[in-house]
Amino acid sequence: MLALKFRIWAVCMVCGGFIAGADVTKALSEGRQVLPRTLVPAHYELTLVPDAKALTFKGTAQITGDASTGGRQIVVNAKGLSFDEVRLDGQLGGTVALDDRLGRAVITLPSAYVPGPHMLEIEYHGPITKGTLGFFAMDYDAPSGKRRTLATNFEPAEARTLLPCWDEPALKATFAISVIAPADQMAVSNMPIAASTPMEGGLQRVRFAETPRMSTYLLFLGIGDFERVHREVDGVDVGVMFKRADASKATYALEQAVALLHYYNGYFGVPFPLPKLDLIAAPGEIVGGSMENWGAIFFSQDHLLFDPSTSSERERQKVFLVVSHEMAHQWFGDLVTMAWWDNLWLNEGFARWMQTHAADALHPEWKTGLQAAQIFESGKRDDAQVSTHPVLQPVVSAEQAALAFDRITYNKGAAVITMLEAYAGADNFRNGVREYMRKHAFGNTVDSDLWREIQAAANKPVLKIEHDFTRQAGVPLVRVETAAHGSRLVAGRFAEDPDSLKGAPVTRWHLPLSIASSGQAPATIVLGRSALVQGTAPLVNACGTAYARVAYPPAAAAALADRMEQLSPMDQVTLMNDAWALGQSGYAPAQNLMTYIAKLPADADPVVWGRAVSLLVTVDRAYGKDPSRSTFRREALKLLEPVAGAVGTVPRAGESPNTATLRSDLWLAQVRFGDVDALSRAQRIFANGQGSIEEQRAALDIVALAANDSAFDALITRARAAHDPLEKTRILRAMALATDPSLSARMVDIALGPDAPAGSSGNLLAIAGAENPDSVWGALAPHLAKRPLPMDQIERWHVIPTIAAASAEPSRIDDVRHYGEEDMPPDARRPVDAAVASIRLNERVQAGALPDIDRWIASQAR
């Protein structure tokens, strides 16, 4: 699954025990809520009869497996299902005790069964929901009227809403699925269609070929008014599926998928093992963003569809990155699967890393490796909070597993992998990955299985370093101190709230660290507690691959600022990111950030300037209602004036693809900071519909950002008139950018109402909440009191605390805590703890970091 677009899962039963043979510690495995091994499944024969209009379905599951011991009870996972008949080896009878809260069914048979092979047959029925987890319906507008797509989305444990099963990643089995579907619609699953038989009443019976051994969470079924385009590559039929009339939007994704499959076959050294791979566009957004079902990847529409006539360069690159992420999962996650959810990072961190690796290989002009610095920064941000956790964390309950899909798992995971690849060497790293794939295909693993192979290939202590960064939480802090003959590096720990470390155990890492003294090539050391290096102003963490913060003494920071123009783009970004994080938390003056930005040359890489713009917007939002905000905005416009002049307002021949994105970001920032001419230009372009694609898309965002009531009303009218859910979503996302607090409050009802395309409510609320968290919270509060919101449970658990986290209002702490107590189980409240920490940080920023920036601005006027 792509990322932090939230997902949900049901609770497994508590039966003690843990996965046999898994190489995990007792602390990680103890108390897991897993099923007793009354029967271990080998094959599922599944027949489904959905009724899309009534939102119900019937099913028959024939499950063959082996019982290691005899007994009278068989326990399976099931959630929301009603059992009609149960047979064991053809014998009808038995009672069923269903527990939806725990997601299980206990079948008590009339007589005992013996050890050995058995067939369990269950006839049942269940609901089709309107969320985007489990088995659900997505409605959308088409030129010919309303349409409905049925689809599934199971990770981590929602397969139990479609069929009785053993819903754990280690219990792999084969699956043969048949479905009764409308004859005028297309059905798609993990494997190709083996047979399609016409039936009376305008129906068809579709049977899919049997799958290889796979985990339940990777199953997929979709039925809808689809079309398909496809090509063959390396003997695999690669297709893109989409709602009717979207063929022109599928070409780009198909081209990239074909290139990626060939690239991954080479990188992993194991060819894609299925006969086909479909990439399927949802008519809206799904929880999790996109889902890596084996052979049938399901995407939120904007993660797959690219319209050459309306899509931006940013969207072009986003589609590639999401497709490359989900296709990497076809090996890391699908072919080789983690044994349990505590090793989720092995799937998601690697796919996050691989999306960048593939982009740099196939599209080096995008400089995706440089852009990935923001991924690493996101991981560090969350890892510095009091709510942090180790990458490899104990996962006992379903709620804990669902919450493991966070920025530490994804983004810290990717950062650690990037660091370890740099340490091991790219060729050694790839050779280790290939051996891992060869040894564990179709099986389950823990993370040490991978790193053991990479360590052997590199002949370096990779496992020791990996364990340091995955078994313990936190971000290393490297302090640079002046020494008699150079500089001393002293290792410690960085925390968003330094006081939270008082009395805490000391954390130590073995940190691979590149250091570049002036005029010398970088040298790599593995830093323990401290080290002496040459030079009084060395560049520590050169190339930005170490997962660490670096704090310089004032003289060294000033010297590096003077060298800003000579530094690499990655070093420029790393210095700015560290400067703001250290300044927020009081480790260094926050004005260092402003100094670094002021020293950036106008012709610095567009990605670097894009990050500078983003940081200035972040600082601007932190001011809130502070009267000093207007002074900061004037200074921000001055800082951006040289680069805005260099980039210009129209594309130039031969410019980097990223320049187009920077130009849009600059324009939006200029309007935010009060440039009336920039706003007038955007309003003209939006009104007459002229200009390039990039100009039109930026103009929409700017008009929405600066909207008053009448402009906002015009935009909602425009959104309601859009039949294409992708275009409707673009307009609504732009509206969520509105800086007027009253419009942010209005956005709450829009996001929760019928105008929002399927699955988009949470994202719209998060965008609006980032701009005006307090007004959004105020408008949302009555909805929270009524409940339920039109969002899946885990989506709520992420989105609502995220809105609170952007506030600096102390009273919001009690509000978000109260929400957590009302809606979230105690072991699922980590997002609430993170929100509380963020609110307190925002208070400290207003009290300390912003006055320091004000002093820097005042000094520039002298």
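The values are calculated or read from the model by the stated rules, or taken from the named source; none is laboratory data. Fair warning: this is a prediction, and the values are worked out from it, not measured in the lab. Using ideal geometry, Cβ is built from the backbone for each residue, glycine included, and neighbour counts are taken over all protein chains shown. Ligands, DNA and RNA are stripped out before the accessible areas are found, and what is left, the full protein with its side chains, is counted by its heavy atoms. Shrake-Rupley method; radii C 1.70, N 1.55, O 1.52, S 1.80 Å.
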### Task
Name every residue in segment 711-754 that is of a type in the set (Lys, Arg) and either farther than 23 Å from SER309 by Cβ or open to solvent by less than 30 Å² (accessible area, probe 1.4 Å) (or both), in order of residue number.
LYS728, ARG730, ARG746
## Note on the structure
Contact list, first residue from segment 514-531 and on the phi < 0 side of the Ramachandran plot and open to solvent by less than 50 Å² (accessible area, probe 1.4 Å), second anywhere and at pLDDT below 95 and of a type in the set (Ser, Thr, Tyr), beta-carbon distance below 6 Å, six or more apart or interchain, is SER514/THR524
### Query
All but one of (1) assigned to a helix (DSSP H, G or I); (2) open to solvent by less than 10 Å² (accessible area, probe 1.4 Å); (3) touching a Phe, Trp or Tyr at 6+ places or on another chain (Cβ under 9 Å); (4) not hydrophobic (A, V, I, L, M, F, W, C) hold for THR595; which doesn't?
(2)
### Task
Kindly indicate the residue of segment 632-660 that is within 21 Å of THR595 (Cα to Cα) and either acidic (Asp, Glu) or without any contact (Cβ under 8 Å) to a residue 12 or more places away in the chain (or both) and also least open to solvent (accessible area, probe 1.4 Å) among those meeting that condition.
GLU635
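Name the helices (runs of 4 or more DSSP H) wholly inside segment 366-468 in which the number of residues that are under 30 Å from GLY103 (Cα atoms) is 3 or more.
Ranges flagged: 398-403.
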### Message
in contact with a strand residue (DSSP E or B) (Cβ under 8 Å, 6 or more places away or on another chain) and buried (at least 21 other Cβ atoms within 10 Å of the Cβ): which single residue out of ASP383, ASP406 fits that description?
### Response
ASP383
### Message
Looking only at segment 424-452, filter to residues that are among the aliphatic types (A, V, I, L, M) and crowded, with 19+ Cβ neighbours inside 10 Å; which one of those is nearest to ARG830 (Cα to Cα)?
### Response
VAL446
### Task
Kindly check whether there is at least one residue in segment 297-305 that is more than 28 Å from ARG430 (Cβ to Cβ), open to solvent by less than 20 Å² (accessible area, probe 1.4 Å), small (Gly, Ala, Ser) and more than 20 Å from the chain's Cα centre (by Cα).
no
### Message
Suppose we filter GLU481, GLU421 for residues that are touching a residue at least 24 places away in the same chain (Cβ under 8 Å), under 20 Å from THR574 (Cβ atoms) and either aromatic (Phe, Trp, Tyr) or surrounded by fewer than 20 Cβ atoms within 10 Å (Cβ to Cβ) (or both); which single one remains?
### Response
GLU481
### Query
In the set ASP342, ASP334, which member is within 21 Å of GLU168 (Cα to Cα) and in a helix (DSSP H, G or I)?
ASP342
### Message
Criterion first (touching a residue at least 40 places away in the same chain (Cβ under 8 Å) and open to solvent by 50 Å² or more (accessible area, probe 1.4 Å)) does ARG817 satisfy it?
### Response
no
### Scope segment 127-149; condition assigned to a strand (DSSP E or B), in contact (Cβ under 8 Å) with a residue 60 or more places away in the chain and open to solvent by less than 10 Å² (accessible area, probe 1.4 Å); matching residues
PHE135, ALA137, MET138, THR149
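Go through the residues of segment 355-364 one by one and say whether even a single one is of a type in the set (Ser, Thr, Tyr), open to solvent by 10 Å² or more (accessible area, probe 1.4 Å), within 13 Å of the chain's Cα centre (by Cα) and at pLDDT 95 or above.
So in segment 355-364, the residues of a type in the set (Ser, Thr, Tyr) come out as 356.
So of that shortlist, the ones also open to solvent by 10 Å² or more (accessible area, probe 1.4 Å) come out as 356.
Add one more test, that the residue is within 13 Å of the chain's Cα centre (by Cα), and what stays is none.
No: segment 355-364 contains no residue that is of a type in the set (Ser, Thr, Tyr), open to solvent by 10 Å² or more (accessible area, probe 1.4 Å), within 13 Å of the chain's Cα centre (by Cα) and at pLDDT 95 or above.
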### Query
SER585: within 26 Å of LYS367 (Cβ to Cβ), within 28 Å of the chain's Cα centre (by Cα), hydroxyl-bearing (Ser, Thr, Tyr) and at pLDDT 95 or above, yes or no?
no
### Task
Scan segment 611-631 and give yes if some residue there is open to solvent by 10 Å² or more (accessible area, probe 1.4 Å) and in contact with a Gly (Cβ under 7 Å, 6 or more places away or on another chain), otherwise no.
no
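Only one residue in ARG672, ARG663 is among the basic types (Lys, Arg), within 27 Å of the chain's Cα centre (by Cα), buried (at least 22 other Cβ atoms within 10 Å of the Cβ) and at pLDDT 95 or above, so which one is that? Don't jump to the end; show me each part of the working.
Working: ARG672 fails: within 27 Å of the chain's Cα centre (by Cα).
One residue alone meets the criteria, ARG663.
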### Query
Of the numbered conditions (1) touching a residue at least 12 places away in the same chain (Cβ under 8 Å); (2) open to solvent by less than 30 Å² (accessible area, probe 1.4 Å), ASP774 satisfies every one except a single condition; which is it?
(2)
### Task
Evaluate segment 795-802: report whether one residue or more is in a loop (DSSP other than H, G, I, E, B) and open to solvent by 20 Å² or more (accessible area, probe 1.4 Å).
no
